[in-house]
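Undergrad: Just dropping this structure here.
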Amino acid sequence: MEQDGYKNAPERLDAVFTALADPTRRAILARLARGEASVAELAAPFDMSQPAISKHLKVLERAGLISTAIDAQRRPRRIEGAPLAEAVGWLERYREIWERNYQRLDVLLEEMKTLENQARKGKPQ
């Protein structure tokens, strides 16, 4: 049996979640959310080589989360929002399901409290 939202997920969505699974790549995206930056600027806060940062950037680029511009001799990276929006949309569907489940649980707990209060009132002290 195919699980809905797993085997039917687009490859880009898989790539986005794979890219977001790494804390270094999430930190790079957080930095790029403030504006474009060069590889050297992105590598500065990390204790790793520029080639290692470049490997992270390639993963982010394959997922479509960042793009590279050409600005004279500089090649700044910038964040791309569409793949993140797709991931949020996919997650939102499940958030709605859980929200409905929690609402049903809240109703059940209120019913149980009411029954418990009624039982206490009916008991002699």
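Undergrad: Which of the following residues is aliphatic (A, V, I, L, M), over 23 Å from R12 (Cα atoms), out of contact with any Cys (no Cβ under 6 Å at 6 or more places or on another chain) and in a helix (DSSP H, G or I): L57, L84, L91, L109?
TA: L109
Undergrad: Pairs, please: C-beta under 9 Å, at least 6 apart or cross-chain, first residue over 13 Å from G35 (Cβ atoms) and in the stretch 63-88, second of a type in the set (F, W, Y)?
TA: A63/F17; A87/F17
Undergrad: Right, R25: at pLDDT below 90 and assigned to a helix (DSSP H, G or I) or not?
TA: no
Undergrad: Within the stretch 102-123, identify whether any single residue is aliphatic (A, V, I, L, M) and either surrounded by 14 or more Cβ atoms within 10 Å (Cβ to Cβ) or touching a helix residue (DSSP H, G or I) at 6+ places or on another chain (Cβ under 8 Å) (or both), and answer yes or no.
TA: Within the stretch 102-123, none of the residues are aliphatic (A, V, I, L, M) and either surrounded by 14 or more Cβ atoms within 10 Å (Cβ to Cβ) or touching a helix residue (DSSP H, G or I) at 6+ places or on another chain (Cβ under 8 Å) (or both).
Undergrad: While we're on this one: What pairs come out if I take residues in the stretch 10-29 that are without any contact (Cβ under 8 Å) to a residue 60 or more places away in the chain and over 15 Å from A43 (Cβ atoms) and pair them with residues that are β-branched (V, I, T) and crowded, with 16+ Cβ neighbours inside 10 Å whose C-beta lies under 6 Å away, six or more apart or interchain?
TA: From residues that are without any contact (Cβ under 8 Å) to a residue 60 or more places away in the chain and over 15 Å from A43 (Cβ atoms), the pairs are A19/V59.
The values are calculated or read from the model by the stated rules, or taken from the named source; none is laboratory data. All figures in this text were calculated on a predicted structure; none of them were measured in a lab. With ideal geometry, Cβ positions are generated from the backbone for all residues, glycine too; neighbour counts draw on all protein chains shown.
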